[in-house]
Amino acid sequence: MSDMKALDRTLAALADSHRRRTVELLGEGPMRAGELAEAVGLAAPAMSRHLRVLRLNGLVEESHPESDARVRIYRLRPERLDDLATWLDEMQLAWSDQLAAFKEHVEKALK
C-alpha cells in the first residue's frame, strides 16, 4: 500500500469489533443500515456512528434507493481491503524471509 496514512486509517477503523463485524456482513452483500444494526446488535444511533467511521475511511459507501431517499444502503468498498491484504502479504513475505534466514543460520551453527 503506497499511502501509509490510508493504511493507518483502515487499521484504526477495523480496530473496533462492531465495525469488523459490519465489514464481514457487507462482504456478503449490500444491506440497509437498520439491517446492519439488528445483525450486529446495536441501536440505530450507535450503528450510524460506526458506519460513519467506515464511510469516512473509505471502507464502505452508502446509497439511497430512488423510491425512498430516507433509506440508506451500505456496500463494501473492497479496494481498501485489497490494499490492506497486499500490505499483509508483503509483511508475511518479509517475515518468511527473515525466518528462513534465521533457520539457515541456526542450522549452520549446529553443524
Worksheet item: Would a scan of segment 18-29 turn up a residue that is among the aliphatic types (A, V, I, L, M) and exposed (fewer than 12 other Cβ atoms within 10 Å of the Cβ)?
Response: no
Practice prompt. Please work out which residue is modelled with the lowest pLDDT, limiting yourself to segment 1-36 and to residues that are of a type in the set (A, V, I, L, M) and in a loop (DSSP other than H, G, I, E, B).
Written response: M1
Discussion item. Take the conditions within 24 Å of A12 (Cβ to Cβ) and surrounded by 14 or more Cβ atoms within 10 Å (Cβ to Cβ) and apply them to G58. Does it pass?
Written reply: yes
Worksheet item: Could you say whether any residue in segment 63-72 is at pLDDT 85 or above, under 25 Å from M4 (Cα atoms), touching a strand residue (DSSP E or B) at 6+ places or on another chain (Cβ under 9 Å) and assigned to a strand (DSSP E or B)?
Response: no
Discussion item. As an exercise: evaluate T86 against (1) under 26 Å from K5 (Cβ atoms); (2) in a loop (DSSP other than H, G, I, E, B) and give the number of the one condition it does not meet.
Written reply: (2)
Practice prompt. Return a yes/no flag: does segment 2-22 have any residue that is farther than 22 Å from D89 by Cα and among the hydrophobic types (A, V, I, L, M, F, W, C).
Written response: no
Worksheet item: Among A46, A109, which is part of a helix (DSSP H, G or I) and either without any contact (Cβ under 8 Å) to a residue 24 or more places away in the chain or more than 17 Å from R20 (Cα to Cα) (or both)?
Response: A109
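The values are calculated or read from the model by the stated rules, or taken from the named source; none is laboratory data. Note that the structure is a prediction, hence the values are computed from the model and not measured. Don't worry about glycine lacking a Cβ; one is built from the backbone with ideal geometry, like all the others, and counts go over all protein chains shown.
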